[in-house]
Amino acid sequence: MFLTYYTVYGQDQWRGGDIREALNRFGQAEVLIEYPGYDAMSRLATRFSVSSCDDREAVLTLSPLTASDFISTGISYKIILPEETKGFFTASSVSEAMQWHSYPTWKHYDTIMHKIAQTWPELCLLDTIGFSVRGRAILALKISDNPAADEQEPAVMLSAAIHGDELAGFIMLMRLAEYLASESSNGGLAATLTSGLEIWINPLANPDGMYRDNDTIIYPVRSNSNGYDLNRNFPDPGVVSQPPLQTETTDMMSFMEKNRFALSVNLHSGAEVVNYPWDRWTRLHADDSWFYDISRRYADTVHIYSDPGYMTLIDDGVTRGSMWYIITGGRQDYITYSLGGREVTIEMDDTKQTPGPDLETLWNWNSRSLLRYIGEALYGVGGTVTDASSGDPLSAKVFITGHDTDSSHIYSDTLTGEFRRYLAPGTYSLTFTCPGYEAFSAEYEIASWNSFVSANVRLEPEEPVIYPDPPVSGLLIYPIPSSGKFMVLPPASVEGDIIVTLTNVSGSVVDTYQTTVQSGIPVPCDYSNMPQGVYIISVRKLPDGPLLRGKVIIYRLISG
């Protein structure tokens with residue numbers, strides 16, 4: 001599409017009229033502004049959807065929800081208007097669309113996804129993630145050598161078009177699904193990927209934005225039907241005021257929580273760069289070196305096959321998101337922080353609405369990198385965590401002491417016990433914990449970037465804790481004397497909220513706190529920092545229960 005620019009100044013009496021007209025005609029308004037600096041850009045990104053940005057200028061995409069707010073800022077802008085069109089490189093049939101040089105209608109797309117699943121049923125299973133505001137199905141193809149089973153293999157997800165007006169990834173992923181399904185029987189990389197992984201492909205995460213009120217792509221928009229940017233709509237740690245979660249977001253969250261993808265990618269347009277976490281923090285992810293390396297390999301592989309100048313933004317095609325500008329509510333940070341996955345965002349084309357004839361070029365430049373990115377899921381430390389007695393799978397926390405921060409640990413799969421931890425080369429001490437089981441730690445060496453270390457862990461159940469019988473009245477306190485660590489067991493009738501108070505023999509209160517007690521289970525107390533001597537401990541059930549007292553003797557061993 002060709003773009004038309006109009007300059008509008010902040011004091012213009014007609015300011016905002018062109019933005020409102022664009023909203024009425026095209027469903028959204030894009031405005032070009034001067035880059036205001038990192039901090040100001042990050043503040044703007046909390047209010048408006050930033051679709052592209054460099055150190056000179058930025059493009060904001062305004063929906064009916066955000067346009068008035070932008071107009072009120074007084075920021076000078078140029079409006080960007082799309083060329084008048086009745087359709088955008090639209091295929092006339094499913095067979096033409098599957099030549100991958102044009103865009104399908106909505107019905108074509110639905111047919112293509114079903115056709116791929118039906119043509120290769122031994123490899124493909126079509127599923128529905130959820131539905132859009134307007135009731136369109138959000139589809140995903142599972143591609144694996146045993147698609148009907150939940151196997152002990154890492155799950156990988158590739159998704160595109162969460163912004164409905166960014167079109168290239170939509171075609172790339174449909175074509176990738178067909179390629180994996182058709183090539184797997186021929187051996188090679190496709191067979192390796194589908195036999196060792198569970199690959200999920202979601203070409204269109206925002207169908208209402210892409211197709212709006214039509215069956216054909218005519219003036220697609222970035223947001224969903226309610227005007228929300230879906231890639232700013234995920235829960236974000238530390239953010240108090242967030243936009244209401246949209247149905248597309250909640251359905252995607254449920255789908256991702258169920259499948260727990262070890263590795264994922266979100267395809268966009270509007271720039272040409274690989275972007276990795278964090279988007280919302282300037283500090284580094286614990287596995288920043290791993291994130292940078294897989295992003296570097298993607299871009300470097302692209303450079304082998306592309307024309308000069310493609311995907312060279314920032315660090316020759318790679319950036320950590322927050323170095324660009326800070327955003328909140330992004331999907332890649334949600335997956336990486338909240339779900340224990342690892343996701344990057346790949347911006348495939350400066351032009352958001354890639355012309356049909358250019359799709360073949362983008363495929364030739366990116367297809368090898370996409371396949372290689374999927375292959376990253378085969379490496380790292382991986383295996384299963386099971387009960388040592390029964391062999392049943394366990395959902396265990398897998399973390400690295402002194403390394404993991406900001407929720408960078410992972411969990412093994414609830415159904416299969418499978419886990420995969422991706423790490424840069426080095427030696428790491430992994431600890432596996434699960435409620436009711438003894439913790440287990442072991443060292444694993446990652447010799448190189450493309451290495452896999454097997455780790456099948458069997459956790460031993462903890463020995464059951466046997467408590468003494470509770471007293472009929474008063475408090476049972478043990479051991480006496482002690483170094484300051486002792487247990488207090490009230491009668492079985494005392495449960496719920498209690499107040500614990502420690503006083504010295506003169507009656508002065510030394511310490512008091514509120515806690516909760518379960519019937520028959522002692523309350524642990526730690527007063528090992530207190531001077532040796534005799535103390536009185538009392539327990540009162542809230543709000544106005546009886547006061548129970550007992551004597552405590554704290555002593556110190558003197559080494560000689």
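The values are calculated or read from the model by the stated rules, or taken from the named source; none is laboratory data. Predicted model, so just to flag it, every value in this text is computed and none were measured. Glycine gets a Cβ as well: all are built from the backbone with ideal geometry, and neighbour counts include every protein chain shown.
Any chance you could count how many residues in the range 420-449 are hydrophobic (A, V, I, L, M, F, W, C) and in contact (Cβ under 8 Å) with a residue 40 or more places away in the chain?
7
Only residues that are more than 15 Å from ALA29 (Cα to Cα) and either touching a helix residue (DSSP H, G or I) at 6+ places or on another chain (Cβ under 7 Å) or not in a loop (DSSP other than H, G, I, E, B) (or both): list them for the range 211-224, please.
Passing the criteria: TYR211, ASP215, ILE217.
Considering only residues that are among the polar types (S, T, N, Q) and in a loop (DSSP other than H, G, I, E, B), look in the range 236-265 and name the one that is surrounded by the fewest Cβ atoms within 10 Å (Cβ to Cβ).
SER241
For (1) part of a loop (DSSP other than H, G, I, E, B); (2) of a type in the set (A, V, I, L, M, F, W, C); (3) over 16 Å from the mean Cα position of the chain (by Cα), each residue gets a yes or a no:
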{"site": "LEU267", "(1), (2), (3)": "no, yes, no"}
{"site": "GLU272", "(1), (2), (3)": "no, no, yes"}
{"site": "ASN275", "(1), (2), (3)": "no, no, no"}
{"site": "TRP281", "(1), (2), (3)": "yes, yes, no"}
{"site": "PRO308", "(1), (2), (3)": "yes, no, yes"}
{"site": "VAL344", "(1), (2), (3)": "no, yes, no"}
{"site": "THR354", "(1), (2), (3)": "yes, no, yes"}
{"site": "PRO357", "(1), (2), (3)": "no, no, yes"}
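Identify all residues within the range 425-447 that are buried (at least 16 other Cβ atoms within 10 Å of the Cβ) and in a loop (DSSP other than H, G, I, E, B); write none if there are none.
CYS434 - this is the single residue of the range 425-447 that is buried (at least 16 other Cβ atoms within 10 Å of the Cβ) and in a loop (DSSP other than H, G, I, E, B).
Considering only the range 53-96, state which residues are over 18 Å from ILE19 (Cβ atoms) and touching a strand residue (DSSP E or B) at 6+ places or on another chain (Cβ under 7 Å).
If the condition is that a residue be over 18 Å from ILE19 (Cβ atoms) and touching a strand residue (DSSP E or B) at 6+ places or on another chain (Cβ under 7 Å), then PHE88, PHE89, THR90, ALA91 are the ones that fit.
Please give the number of the condition LEU359 fails out of (1) buried (at least 18 other Cβ atoms within 10 Å of the Cβ); (2) free of Cβ contacts under 8 Å to residues at least 24 places away in the same chain; (3) not basic (Lys, Arg).
The one condition LEU359 does not meet is (2).
Is the range 336-343 home to any residue that is under 19 Å from ARG222 (Cβ atoms), buried (at least 23 other Cβ atoms within 10 Å of the Cβ), in contact (Cβ under 8 Å) with a residue 60 or more places away in the chain and basic (Lys, Arg)?
Looking for residues that are under 19 Å from ARG222 (Cβ atoms), buried (at least 23 other Cβ atoms within 10 Å of the Cβ), in contact (Cβ under 8 Å) with a residue 60 or more places away in the chain and basic (Lys, Arg), one finds none in the range 336-343, hence no.
Among the residues of the range 362-412, which ones are touching a Ser or Thr at 6+ places or on another chain (Cβ under 6 Å), buried (at least 19 other Cβ atoms within 10 Å of the Cβ) and closer than 19 Å to GLU178 by Cα?
Within the range 362-412, TRP365, SER369 qualify.
Please determine whether any residue of the range 494-510 is assigned to a strand (DSSP E or B) and touching a Lys or Arg at 6+ places or on another chain (Cβ under 6 Å).
yes
Scan the range 439-469 for residues that are of a type in the set (Asp, Glu) and modelled with pLDDT of 95 or more and report the count.
Count: 3.
Quick one: would you say LEU176 is more than 23 Å from the chain's Cα centre (by Cα), surrounded by 24 or more Cβ atoms within 10 Å (Cβ to Cβ) and at pLDDT 95 or above?
So LEU176 does not fit the description; no.
Kindly list the number of the only condition in (1) crowded, with 18+ Cβ neighbours inside 10 Å; (2) within 25 Å of THR345 (Cα to Cα); (3) touching a residue at least 40 places away in the same chain (Cβ under 8 Å) that fails for TYR38.
Against the list (1) crowded, with 18+ Cβ neighbours inside 10 Å; (2) within 25 Å of THR345 (Cα to Cα); (3) touching a residue at least 40 places away in the same chain (Cβ under 8 Å), TYR38 comes up short only on (1).
Determine whether the range 532-541 contains at least one residue that is of a type outside the set (Phe, Trp, Tyr), assigned by TED's automatic domain parsing to the domain that holds SER493, modelled with pLDDT under 90 and in a loop (DSSP other than H, G, I, E, B).
Looking for residues that are of a type outside the set (Phe, Trp, Tyr), assigned by TED's automatic domain parsing to the domain that holds SER493, modelled with pLDDT under 90 and in a loop (DSSP other than H, G, I, E, B), one finds none in the range 532-541, hence no.
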